[in-house]
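The values are calculated or read from the model by the stated rules, or taken from the named source; none is laboratory data. Every value quoted in this text rests on a predicted model; they were computed, and no experiment measured them. Quick reminder, even Gly has a Cβ in these numbers, built from the backbone with ideal geometry, and neighbours come from all protein chains shown.
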Amino acid sequence: MEEVNFCRDPADVRAIPGAAKRLARLRELGWAIVIITNQSGIGRGIISMEDYAAVQAELLRQLNGQVDGTYVCPDVPPNISPRRKPGTAMVEEAARELGLDLRRSVFIGDKTIDIECGRNAGMPAFLVRTGHGRHHTGGAADREARDVVEALDWIIDAAVNG
């Protein structure tokens with residue numbers, strides 16, 4: 001979704017145009033779609049778990065239900081658990097619960113910790129240049145994309161054409 005710092009109002013949710021269509025195509029190709037998210041605003045008391053749940057429900061609605069699972073970590077640095085990205089516990093939990101093969105998965109994100117999380121879990125990692133990715137420096141990502149739609153198009157093409 002478009003970046004909203006500590007989003008707590010479902011009215012502020014804007015899915016990236018075209019994302020739902022690409023996610024539906026990936027699911028047709030047998031891919032699972034998972035959201036892995038750090039939400040320190042919960043741990044900081046900036047947003048409530050109910051606010052988060054309402055925002056997440058609106059995002060899922062805008063994505064036409066094309067998400068198989070959502071995993072959230074409310075930890076606040078420096079008091080973090082292995083669930084907080086770049087830790088991989090949420091990824092491992094999703095893999096167990098949804099029967100995912102992480103060697104055949106891709107991690108997409110807009111922050112260095114997203115790239116590190118994907119890499120730590122053994123996946124190629126895509127950096128999108130939206131949200132926090134606009135300010136990213138360095139080249140740790142396996143691939144960079146203008147936005148999530150461009151990243152998903154690349155994954156769809158690779159899935160279809162090998």
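Structure above, values below:
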| quantity | calculated |
| --- | --- |
| R83 vs. criteria assigned to a loop (DSSP other than H, G, I, E, B), buried (at least 19 other Cβ atoms within 10 Å of the Cβ) and of a type outside the set (D, E) | yes |
| Single residue of D153, D110 found to be surrounded by fewer than 20 Cβ atoms within 10 Å (Cβ to Cβ) and touching a residue at least 40 places away in the same chain (Cβ under 8 Å) | D153 |
| Filter pass, L29 being under 30 Å from A159 (Cα atoms) and either at pLDDT below 95 or surrounded by fewer than 16 Cβ atoms within 10 Å (Cβ to Cβ) (or both) | yes |
| Q66 polar (S, T, N, Q) and either in contact (Cβ under 8 Å) with a residue 40 or more places away in the chain or not in a helix (DSSP H, G or I) (or both) | yes |
| The lone exception for E93 - which of (1) in contact (Cβ under 8 Å) with a residue 12 or more places away in the chain; (2) over 12 Å from the mean Cα position of the chain (by Cα); (3) not in a helix (DSSP H, G or I) it fails | (3) |
| Index of the failed condition, M1 passing every other in (1) in a loop (DSSP other than H, G, I, E, B); (2) within 19 Å of E150 (Cα to Cα); (3) modelled with pLDDT of 95 or more; (4) not small (G, A, S) | (3) |
| Segment 122-140: number of residues that are modelled with pLDDT of 65 or more, within 10 Å of D110 (Cβ to Cβ) and buried (at least 20 other Cβ atoms within 10 Å of the Cβ) | 3 |
| Qualifying position, being closer than 17 Å to V148 by Cα, of a type in the set (D, E, K, R) and surrounded by fewer than 17 Cβ atoms within 10 Å (Cβ to Cβ), among R14, R96, R103, R61 | R14 |
